[in-house]
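Heads up, the thing below is written out as structure tokens.
The values are calculated or read from the model by the stated rules, or taken from the named source; none is laboratory data. Fair warning: this is a prediction, and the values are worked out from it, not measured in the lab. Glycine also receives a Cβ, built like all others from the backbone with ideal geometry; neighbour counts cover every protein chain displayed. Heads up: the accessible areas ignore ligands, DNA and RNA and are worked out on the full protein's heavy atoms, side chains in. Shrake-Rupley method; radii C 1.70, N 1.55, O 1.52, S 1.80 Å.
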Amino acid sequence: QVHLVESGGGLVQAGDSLRLSCAASGRTLSSYAMGWFRQAPGKAREFVASISGSGRSTRYPDSVKGRFTISRDNTKNTLYLQMNNLKPEDTAVYYCAARQGVVTATPSTFDSWGQGTQVTVSS
């Protein structure tokens, strides 16, 4: 099972940018499809972005498309989420996740999860 640790969250103003990182260990990162999810208080965990094992295929919901970019560096066993033009509605705990197989947008299909990193966006 892959072990994941997120970092890079913080408090920013609307319009600012952040880059989240997710360090992986335990397995070769290229063997796993990966994703980012977020969860705000009182809400269900929400799909943010996903990426194939090779990094050549990505997917985003309309809520973040054009603002967020998911990427991976399999040499460093690290997943990234570049977040630009942040909005107050982006405020949430962000989690990275991995699964061995095709990537999906459904949280329950992912096998491994990080501990989460808080992103807070003020107006």
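Structure summary
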quantity	calculated
Solvent exposure, largest accessible area first (probe 1.4 Å, DNA, RNA and ligands not counted), of Ser108, Ser17	Ser108, Ser17
The chain: most fluctuating residue of Leu81, Leu11, Leu29 per GNM, C-alpha cutoff 10 Å	Leu11
The stretch 49-98 - percent of accessible surface contributed by carbon and sulfur, probe 1.4 Å	42 percent
Overall dimensions of the stretch 1-52 by Cα: Rg and Dmax, Å	13.2, 37
Rounded FRET efficiency, nearest 0.05, which uses the C-beta distance separating Ala23 from Ser52 and R0 of 22 Å	0.70
Relative contact order [Cα under 8 Å, 6+ residues apart], the chain, whole percent	37 percent
Length gained when the stretch Ser30-Lys76 is fully extended (0.36 nm per residue, less Cα-Cα span)	15.5 nm
Reachable aspartates and glutamates, given that their alpha-carbon falls under 13 Å from the alpha-carbon of Lys87 and they are not under 8 places away in the same chain	Asp16
